[in-house]
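The next block holds one structure in the form of structure tokens; read it before the comments.
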Amino acid sequence: MTKIYEATVTAPVNIAVIKYWGKRDSALILPTNSSLSVTLSQDHLSTRTTIRASPEFSTDRLWLNGIEEDISASKRLVNSITTARKLRAALEKKQRDDGVASEDIVLLSEWSIHVCSENNFPTAAGLASSASGYAALVSALGALFQLPQSTSDLSRVARVGSGSACRSMFGGFVAWRAGESNDGSDSFAVQVADRHHWPDLQALILIVSEKKKTISSTAGMQTTVETSDLFAERVRNVVPKRMAAMEKAIAERDFGTFAEITMRDSNQFHAVCLDTYPPISYMNDVSRSIASIVHAFNTARGRAAAAYTYDAGPNAVIYALKDDMRDLAELVTYCFPRGSTILSEDFYADPFNMF
Ligand code: 2P0
């Protein structure tokens, strides 16, 4: 009978409130600054990955959303799989050293794998897929290989696939500690608060454009590192203070501070993009209008009741507490009646509404 081992996992998308932008080492994916994100609900924005290993498979193969891709064409995929295999090989060696009978040791590290990965959201919607994709791949490899490493340890493996993926290894509120080493040993994700910590917090995703971005994050951030003067100021003097203030705001469920830092950090990230030469512009007029609407909403409420943030594209993510989110969502749909939004009833649990 054919021997097959199989693991299936689901990993969610995360949206940064302190942005990662810039690498100090492109091969190991070591960032220039720490970052912090909120992991969204697994139910509606996530990647589900199944991996099978068998001694009968002749080569590693991968299907993304039903279409076969060439693994060897992606250095990052090869790196992630090779790193996980080395951890499995170390585990098999330890079993041998511990005197486990050879027939009881499954040499999974030597078998080829078949990977099947699917997003439950349209890739064309311009929402991050590399974060959930690599987090799902590495979590599935960890489960398949029964690796004893902690989630933070495995986040280092996800990081070599895509930087932001290391944060999707955890739910809730997640910091990626930049670290200082040259080998990446101290550059990994940690959970700063779990998903039940702030049940009132909601995320609203406003799909402004479904077009693929013109400049990839990977290419854009390196041009920023090489050309922006503002960037050095951000890395040295701004982000470290913001990381500390943001972690405190989350611990205290202080939405006003959380919101202000979130908006300021998004604005500074996009300012740094504009300070890049040639400049990079991810937000468009609709994105900027949404930011103005959020500020008008906050002015009307006399407090920071909602916060916007934008990644490397024009789509907006709004954070607000439940009581305010309904009104904000109504205001946005009034201003943009034909817009496309996804409202997470709470960002960690069951219901999502599409409307
Ligand atoms: C973030 N972004 O913190 C920031 C904000 C985009 C803007 O992480 O080269 O796709 O694979 O490490 O992870 C996008 O960067 O880049 C990103 P690589 P990645 O979420």
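The values are calculated or read from the model by the stated rules, or taken from the named source; none is laboratory data. Since the structure is predicted, the reported quantities are computational estimates derived from the model, not experimental observations. Note that we place each Cβ from the backbone using ideal geometry, even for glycine, and neighbour counts take in every protein chain shown.
Looking for something within 15 Å of the ligand (Cβ to nearest atom), free of Cβ contacts under 8 Å to residues at least 12 places away in the same chain and not basic (Lys, Arg) - is there at least one such residue anywhere in the stretch 184-205? Scanning the stretch 184-205, I find no residue that is within 15 Å of the ligand (Cβ to nearest atom), free of Cβ contacts under 8 Å to residues at least 12 places away in the same chain and not basic (Lys, Arg), so the answer is no. Can you tell me which residue is farthest from PRO278 (Cα to Cα) among those in the stretch 209-232 that are within 14 Å of the ligand (Cβ to nearest atom), of a type in the set (A, V, I, L, M, F, W, C) and not in a loop (DSSP other than H, G, I, E, B)? Among those residues, the one meeting the criterion is PHE231.
For every residue, the table says whether it meets (1) closer than 30 Å to GLU110 by Cβ; (2) at pLDDT 95 or above; (3) buried (at least 17 other Cβ atoms within 10 Å of the Cβ); (4) in contact with a strand residue (DSSP E or B) (Cβ under 6 Å, 6 or more places away or on another chain).
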position	(1), (2), (3), (4)
GLY126	no, no, yes, no
TYR134	yes, yes, yes, no
ALA140	yes, yes, yes, yes
LEU147	yes, yes, yes, no
ASP153	yes, yes, no, no
ARG156	yes, yes, yes, yes
GLY161	yes, yes, yes, no
ALA165	yes, yes, yes, no
ALA189	yes, yes, yes, yes
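Selection over the stretch 265-287 of residues that are among the charged types (D, E, K, R) and in contact (Cβ under 8 Å) with a residue 40 or more places away in the chain gives a count of 2. Only a single item in (1) of a type outside the set (Gly, Ala, Ser); (2) surrounded by fewer than 16 Cβ atoms within 10 Å (Cβ to Cβ); (3) in contact (Cβ under 8 Å) with a residue 12 or more places away in the chain; (4) assigned by TED's automatic domain parsing to the domain that holds LEU45 is not met by GLU210, and it is number (4). For ARG85, indicate whether it is at pLDDT 95 or above, in the same structural domain as GLN146 (by TED's automatic domain parsing) and touching an Asp or Glu at 6+ places or on another chain (Cβ under 7 Å). Against the criterion (at pLDDT 95 or above, in the same structural domain as GLN146 (by TED's automatic domain parsing) and touching an Asp or Glu at 6+ places or on another chain (Cβ under 7 Å)), ARG85 does not qualify. For the criterion of being away from the ligand (no atom under 12 Å from the Cβ), in the same structural domain as SER162 (by TED's automatic domain parsing) and at positive phi, GLY66 passes.
Of the residues screened, ASN33 is one that is surrounded by 15 or more Cβ atoms within 10 Å (Cβ to Cβ), within 16 Å of the ligand (Cβ to nearest atom) and farther than 27 Å from GLN146 by Cα.
Only one entry of THR8, THR83, THR47 meets the criterion of being within 16 Å of the ligand (Cβ to nearest atom), more than 30 Å from GLU226 (Cα to Cα) and surrounded by 13 or more Cβ atoms within 10 Å (Cβ to Cβ), and that entry is THR47.
A residue that is among the hydrophobic types (A, V, I, L, M, F, W, C) and in contact with a Lys or Arg (Cβ under 9 Å, 6 or more places away or on another chain) cannot be found anywhere in the stretch 74-97.
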